[in-house]
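Colleague: Starting off with a structure, shown below.
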Amino acid sequence: MTNQLGVHALVFSGGTTPSEMEYIIGETKKAGFDLLELSLHDAANLDVPAARAALDAAGLGIVCSRGLAFAADVSSDDPAVVAKGAELLHYSLGVTHQLGGTHFTGALYSALGKYGHALTTAGRANVVATLKDLAVEAEALDMTLGLEICNRYETNVINTAADALRLADDIGHDNVLIHLDSYHMNIEEDDFVRPVHLVGDRLGYVHIGENHRGYLGSGHLDFTSFFHALADISYTGPITFESFSSAVVSPTLSNDLAIWRNLWNDGPALAAHSKNYLTTMIEGTRAH
């Protein structure tokens, strides 16, 4: 099996204080994952050297992700707001690098939330210009960027694989890759196969999440088709399980993502289940 399997830190804890990071890293390792995805929404509390040492000691890879805020939004028409967003992105890229990560992904192109209007021409131009600069900086660090495609209630910039490919083409750097997420695809795409085939070798990262973001297999998503499509394109990149419940609360991110429901209470049990589910699905869809 060539794909690295990952888990989102919010399966275990809502913050990134030293004690939380120790717990998150320990449980990620215990569940048998290869990498941890860490959202940088709480980066102010993160002890980066200590986290890096703990990740190295556990033999875990790290991917960092984030969305922006409406006060620091690179898709804004306001140059001051765009500048704040750009600053946040450059800072976050630096943190990812310091942690030992080579991939920084997420809604790097907008705030994470419902917009009251369509994306403007000026706003899109600001996204392209900002991410061109970020891609150049990432390239110098041998890093890649991911454009996570989010649904209409979380962004107005890219909602489909076709949208993301157009944006990546306009940014024009080979280290800008596409990030597909089954939860968002269920809302926006026609099916789970054609978007994967469309993205092809430009796919750099995958999120696996149920339609309600709970236990894998407890919802209605057609993961068999999705994993067959990943096999069709010989995808060898990371596949990360993402799930959220009101049982684990981040003061900012939980509200941004509208995590109002308690879908599970035991993060470690959920993680062990998802690791087995992903392993079985990959083996089953690549067996012939």
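The values are calculated or read from the model by the stated rules, or taken from the named source; none is laboratory data. Please read these numbers as outputs of a predicted model, since none were measured by experiment. No Cβ is skipped: glycine too gets one built from the backbone with ideal geometry, and neighbour counts run over all protein chains shown.
Colleague: Within region 218-243, restricting attention to residues that are touching a Phe, Trp or Tyr at 6+ places or on another chain (Cβ under 9 Å), modelled with pLDDT of 95 or more and small (Gly, Ala, Ser), which residue is farthest from ASP191 (Cα to Cα)?
Modeller: By that ranking, first place goes to GLY237.
Colleague: Kindly indicate whether SER234 is over 20 Å from the mean Cα position of the chain (by Cα) and surrounded by fewer than 18 Cβ atoms within 10 Å (Cβ to Cβ).
Modeller: Considered against the rule, which asks whether it is over 20 Å from the mean Cα position of the chain (by Cα) and surrounded by fewer than 18 Cβ atoms within 10 Å (Cβ to Cβ), SER234 comes out as yes.
Colleague: Let me ask something else. Return the pair list, or none, for Cβ contacts closer than 7 Å from residues in region 210-233 that are under 14 Å from PRO195 (Cα atoms) and of a type in the set (Phe, Trp, Tyr) to residues that are crowded, with 18+ Cβ neighbours inside 10 Å and at pLDDT below 95, at least 6 apart or on different chains.
Modeller: These pairs meet every condition: PHE227/THR285.
Colleague: In this structure, is LEU278 at pLDDT 95 or above and within 29 Å of HIS41 (Cα to Cα)?
Modeller: The answer is yes for LEU278.
Colleague: Then there is this: For the subset of region 197-212 comprising residues that are in contact with a helix residue (DSSP H, G or I) (Cβ under 6 Å, 6 or more places away or on another chain) and of a type outside the set (Val, Ile, Thr), which member is surrounded by the fewest Cβ atoms within 10 Å (Cβ to Cβ)?
Modeller: Once the filter is applied, the top-ranked residue is ASN211.
Colleague: Which of the following residues is among the hydrophobic types (A, V, I, L, M, F, W, C), part of a helix (DSSP H, G or I) and either modelled with pLDDT of 95 or more or within 17 Å of the chain's Cα centre (by Cα) (or both): VAL206, VAL199?
Modeller: The unique qualifying residue is VAL199.
Colleague: Looking only at region 137-193, filter to residues that are among the β-branched types (Val, Ile, Thr) and in a loop (DSSP other than H, G, I, E, B); which one of those is farthest from the chain's Cα centre (by Cα)?
Modeller: Per the stated criteria, the residue is VAL193.
Colleague: Among the residues of region 88-105, is any touching a helix residue (DSSP H, G or I) at 6+ places or on another chain (Cβ under 8 Å) and at pLDDT below 95?
Modeller: Within region 88-105, not a single residue is touching a helix residue (DSSP H, G or I) at 6+ places or on another chain (Cβ under 8 Å) and at pLDDT below 95.
Colleague: Can you find, within region 65-77, the residue that is nearest to SER250 (Cα to Cα) among those that are crowded, with 24+ Cβ neighbours inside 10 Å and among the hydrophobic types (A, V, I, L, M, F, W, C)?
Modeller: It comes out as LEU68.
Colleague: Let me ask something else about it. Quick one: which of GLY59, GLY67, GLY26, GLY14 is under 30 Å from THR236 (Cβ atoms), out of contact with any strand residue (DSSP E or B) (no Cβ under 6 Å at 6 or more places or on another chain) and in contact (Cβ under 8 Å) with a residue 60 or more places away in the chain?
Modeller: Among GLY59, GLY67, GLY26, GLY14, only GLY67 is under 30 Å from THR236 (Cβ atoms), out of contact with any strand residue (DSSP E or B) (no Cβ under 6 Å at 6 or more places or on another chain) and in contact (Cβ under 8 Å) with a residue 60 or more places away in the chain.
Colleague: Which is among the polar types (S, T, N, Q), closer than 18 Å to THR240 by Cα and in contact (Cβ under 8 Å) with a residue 40 or more places away in the chain, of THR120, THR144, THR155?
Modeller: THR144
Colleague: Of all residues in region 180-196 being in contact with a helix residue (DSSP H, G or I) (Cβ under 8 Å, 6 or more places away or on another chain) and buried (at least 19 other Cβ atoms within 10 Å of the Cβ), which is nearest to GLU148 (Cα to Cα)?
Modeller: Here the residue is LEU180.
Colleague: Within region 41-55, track down each residue that is among the aliphatic types (A, V, I, L, M), in a helix (DSSP H, G or I) and either surrounded by fewer than 22 Cβ atoms within 10 Å (Cβ to Cβ) or on the phi > 0 side of the Ramachandran plot (or both).
Modeller: Listed by number, the residues that qualify are ALA43, ALA44, VAL48, ALA50, ALA53, ALA54.
Colleague: Given the criterion out of contact with any Ser or Thr (no Cβ under 9 Å at 6 or more places or on another chain), of a type in the set (Gly, Ala, Ser), part of a helix (DSSP H, G or I) and closer than 30 Å to TYR277 by Cβ, identify the matching residue among GLY100, GLY26.
Modeller: One residue alone meets the criteria, GLY26.
Colleague: Just a yes or no: is a residue in region 118-135 modelled with pLDDT of 95 or more and closer than 17 Å to ALA43 by Cβ?
Modeller: Yes, there is a match, as at least one residue in region 118-135 is modelled with pLDDT of 95 or more and closer than 17 Å to ALA43 by Cβ.
Colleague: Return the only residue of LEU93, LEU119, LEU108 being hydrophobic (A, V, I, L, M, F, W, C), surrounded by fewer than 24 Cβ atoms within 10 Å (Cβ to Cβ) and assigned to a loop (DSSP other than H, G, I, E, B).
Modeller: After ruling out the rest, the residue left standing is LEU119.
Colleague: Return the residues of region 214-227 that are buried (at least 18 other Cβ atoms within 10 Å of the Cβ) and within 17 Å of SER245 (Cβ to Cβ); say none if nothing qualifies.
Modeller: Matches in region 214-227: GLY214, LEU216.
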